[in-house]
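Enquirer: Sharing a structure below in structure tokens format, with a few things to ask.
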Amino acid sequence: MGTRELFSVRGRIAPSVFSVVGLFVLAVGVRASDEVVAGAGSTLDYPAFHDCLDGPSAPVAAGCSSSDFHPDGHVDLRDFAVLQRSYQTLSLSSIQPGAEAVGEIAPIGDIDVFTFFASQGAFVTVDYFTPMVGGLPDHFARLDLIRPDGAIASTNALCGNFRLDNVAVNQSGTWTVRVRTHESWANCGYGAVSALQTGLYTLTVCLSSTPAIPISYGQTIASAFAVDCQIVNFSFTGSSGDVVSAFYAGPTSTRRLRLFDPAGVEIGSSASGVTVGIFDEVLLANGTYRLWAEALDNDAVGAFGISLTELDGAVPIAFNTPVNTSISQTAEVDLYAFN
């Protein structure tokens, strides 16, 4: 990187610091915007912006304040990226399930679009979080979750952080999350503060179809949540008549445990908390069962342990006979039987 005299506007040379990537984005973006000025649905004025683009080292010129879309006192490539999004020529990268993506709604009327792949039969949760800035939430949003065929699977708008929770994936393909300003933002209790129509946020997509961790009767496994909508799956082989218990222990809280039979039907669930479980569930079929642990919304993420036991696996114990053993793992369960 270095300082380069990159472009001239209104007869002045505008020195700026750009990387090679920045040069590439500028070249591609101007051409793409030129191609769509006549036809794309944008309320932003590209020719006016072109005359105001002076770079990050120059103050906003007279008459150019409306082109400072990313308000920082300069009209530069950060504002140009907003212009590209408004013409839908700069698509945000596809979002990786389980990883937070950072976005920004700016200027007023901006819309962000994220895509991800999901397979039929899964569940998807879309988690939206906006920071507090100056004592106010930075942005109030509406989220739309759109199926591959273009139909809206779920939509919601709230005055704060929220999620589209456990939406059934009924089509395999590329799903879309659309982020826009809550249409009733002025009624959220903070007054008609125009700054609430723009702001930063993070978005996380969590799928229930993450690869399952094998677990067996009598085994305890250490795991962890990385984001607060994550679902960690475990799988085990069960037989008809087995009496099964699953035990969860923090320090991280879980929203719930859920147990599914080989056909995908839920047969048991737990409450939320740091130590919870599903106890003495009688299995009705042979096959592979799935146990999921779900992170607790807006709570700290981190480590947890989970154990799986089956009643017939209990160790016989005699009356009045001490057993020397220990609990050595989080969520470990030792099971004993006596006559």
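Enquirer: Of (1) modelled with pLDDT of 85 or more; (2) surrounded by fewer than 21 Cβ atoms within 10 Å (Cβ to Cβ); (3) touching a helix residue (DSSP H, G or I) at 6+ places or on another chain (Cβ under 8 Å), Thr155 satisfies all except one. Which?
Expert: (3) is the only condition that Thr155 fails.
Enquirer: So, Asp299, is that one in a strand (DSSP E or B), more than 23 Å from Ala168 (Cβ to Cβ), out of contact with any Leu (no Cβ under 6 Å at 6 or more places or on another chain) and at pLDDT below 95 or not?
Expert: Numbers: in a strand (DSSP E or B): no; more than 23 Å from Ala168 (Cβ to Cβ): yes; out of contact with any Leu (no Cβ under 6 Å at 6 or more places or on another chain): yes; at pLDDT below 95: yes.
Answer is no for this residue.
Enquirer: Hey, among Ala99, Ala81, Ala61, which residue is modelled with pLDDT under 85 and over 30 Å from Gly264 (Cβ atoms)? Lay out the reasoning, then the answer.
Expert: On the way: Ala99 fails: over 30 Å from Gly264 (Cβ atoms); Ala61 fails: modelled with pLDDT under 85.
The unique qualifying residue is Ala81.
Enquirer: Taking Ser307 as meeting all but one of (1) assigned to a loop (DSSP other than H, G, I, E, B); (2) under 18 Å from Ala212 (Cα atoms); (3) touching a Phe, Trp or Tyr at 6+ places or on another chain (Cβ under 8 Å), write down the number of the exception.
Expert: Among (1) assigned to a loop (DSSP other than H, G, I, E, B); (2) under 18 Å from Ala212 (Cα atoms); (3) touching a Phe, Trp or Tyr at 6+ places or on another chain (Cβ under 8 Å), the lone unmet condition for Ser307 is (1).
Enquirer: Residues of segment 120-133 being assigned to a loop (DSSP other than H, G, I, E, B) and touching a residue at least 60 places away in the same chain (Cβ under 8 Å), which ones? Lay out the reasoning, then the answer.
Expert: From segment 120-133, those assigned to a loop (DSSP other than H, G, I, E, B) are 120-122, 130-131; that's our starting set.
Correct list: Gly121, Ala122, Thr130, Pro131.
Enquirer: Looking at Gly160, Gly199, which one is under 18 Å from the mean Cα position of the chain (by Cα), surrounded by fewer than 20 Cβ atoms within 10 Å (Cβ to Cβ), more than 21 Å from Ala118 (Cβ to Cβ) and modelled with pLDDT under 90? Working first, answer last.
Expert: Values: Gly199 fails: surrounded by fewer than 20 Cβ atoms within 10 Å (Cβ to Cβ).
Within the list Gly160, Gly199, the selection yields Gly160.
Enquirer: Return the total of residues in segment 237-266 being outside any loop (DSSP other than H, G, I, E, B) and closer than 27 Å to Val205 by Cβ. Talk me through it step by step, then tell me what you get.
Expert: Within segment 237-266, the first condition is being outside any loop (DSSP other than H, G, I, E, B), and the residues that meet it are 237-238, 243-260, 266.
Keeping just the survivors that are closer than 27 Å to Val205 by Cβ gives 246, 248, 250-260, 266.
Counting residues in segment 237-266 that are outside any loop (DSSP other than H, G, I, E, B) and closer than 27 Å to Val205 by Cβ gives 14.
Enquirer: Any residue that is hydrophobic (A, V, I, L, M, F, W, C) and touching a Leu at 6+ places or on another chain (Cβ under 7 Å) - is there at least one of those in segment 160-170? I'd like the intermediate steps shown before the answer.
Expert: Residues of segment 160-170 hydrophobic (A, V, I, L, M, F, W, C): 162, 164, 167-169.
Still in the list and also touching a Leu at 6+ places or on another chain (Cβ under 7 Å): 164, 167.
Checked against the condition, which is being hydrophobic (A, V, I, L, M, F, W, C) and touching a Leu at 6+ places or on another chain (Cβ under 7 Å), segment 160-170 yields at least one hit.
Enquirer: For residues that are at pLDDT 90 or above and among the β-branched types (Val, Ile, Thr), tally how many sit in segment 181-196.
Expert: Qualifying residue count, segment 181-196: 1.
Enquirer: Taking segment 142-200, which residues are charged (D, E, K, R) and closer than 30 Å to Gly264 by Cα? Walk me through it before giving the result.
Expert: Step one: filter segment 142-200 for residues charged (D, E, K, R), giving 142, 144, 147, 149, 163, 165, 178, 180, 183.
Within segment 142-200, Asp144, Arg147, Asp149, Arg163, Asp165, Arg178 meet the criteria.
Enquirer: Turning to a different aspect of this structure: Look at Gly189 and say whether it is surrounded by 20 or more Cβ atoms within 10 Å (Cβ to Cβ), more than 20 Å from Gly121 (Cα to Cα) and not hydrophobic (A, V, I, L, M, F, W, C). Spell out the reasoning first.
Expert: Numbers: surrounded by 20 or more Cβ atoms within 10 Å (Cβ to Cβ): no; more than 20 Å from Gly121 (Cα to Cα): yes; not hydrophobic (A, V, I, L, M, F, W, C): yes.
Taking the combined requirement at face value, the residue does not satisfy it.
Enquirer: Mind checking whether some residue in segment 175-193 is of a type in the set (Asp, Glu) and more than 21 Å from Pro97 (Cα to Cα)? Before you say what the answer is, go through the steps one by one.
Expert: Taking segment 175-193 as the starting set, the residues that turn out to be of a type in the set (Asp, Glu) are 183.
Next, only the ones that are more than 21 Å from Pro97 (Cα to Cα) stay: 183.
Yes, some residue in segment 175-193 is of a type in the set (Asp, Glu) and more than 21 Å from Pro97 (Cα to Cα).
Enquirer: Out of all the residues in segment 235-259, which are closer than 16 Å to Leu296 by Cβ and either surrounded by 15 or more Cβ atoms within 10 Å (Cβ to Cβ) or in contact with a helix residue (DSSP H, G or I) (Cβ under 8 Å, 6 or more places away or on another chain) (or both)? Show your work before the answer.
Expert: Going residue by residue through segment 235-259, those that are closer than 16 Å to Leu296 by Cβ are 248-258.
Passing the criteria: Tyr248, Ala249, Gly250, Thr252, Ser253, Thr254, Arg255, Arg256, Leu257, Arg258.
Enquirer: Report, by residue number, each residue of segment 278-296 that is part of a strand (DSSP E or B) and within 22 Å of Phe123 (Cβ to Cβ). Don't jump to the end; show me each part of the working.
Expert: Initial filter on segment 278-296 (part of a strand (DSSP E or B)): 278-282, 287-295.
Correct list: Ile278, Glu281, Gly287, Thr288, Tyr289, Arg290, Leu291, Trp292, Ala293, Glu294, Ala295.
Enquirer: Go over the candidates Ile215, Ile231 one by one and state the one that is buried (at least 17 other Cβ atoms within 10 Å of the Cβ), under 25 Å from Phe123 (Cβ atoms), of a type in the set (Val, Ile, Thr) and touching a Leu at 6+ places or on another chain (Cβ under 6 Å). Working first, answer last.
Expert: Numbers: Ile231 fails: touching a Leu at 6+ places or on another chain (Cβ under 6 Å).
Within the list Ile215, Ile231, the selection yields Ile215.
Enquirer: Would you pick out the residues in segment 154-183 that are of a type in the set (Gly, Ala, Ser) and either within 20 Å of Asn298 (Cα to Cα) or touching a Cys at 6+ places or on another chain (Cβ under 8 Å) (or both)?
Expert: Within segment 154-183, Ala157, Gly160 meet the criteria.
Enquirer: While we're here: Could you check segment 260-284 and list, in sequence order, the residues that are exposed (fewer than 15 other Cβ atoms within 10 Å of the Cβ), among the aliphatic types (A, V, I, L, M) and either touching a residue at least 40 places away in the same chain (Cβ under 8 Å) or out of contact with any Lys or Arg (no Cβ under 9 Å at 6 or more places or on another chain) (or both)?
Expert: Within segment 260-284, Ala263, Val265, Val274, Val282, Leu284 qualify.
The values are calculated or read from the model by the stated rules, or taken from the named source; none is laboratory data. Every value quoted in this text rests on a predicted model; they were computed, and no experiment measured them. Note that each Cβ is placed from the backbone with ideal geometry, even for glycine, and that neighbours are counted across all protein chains shown.
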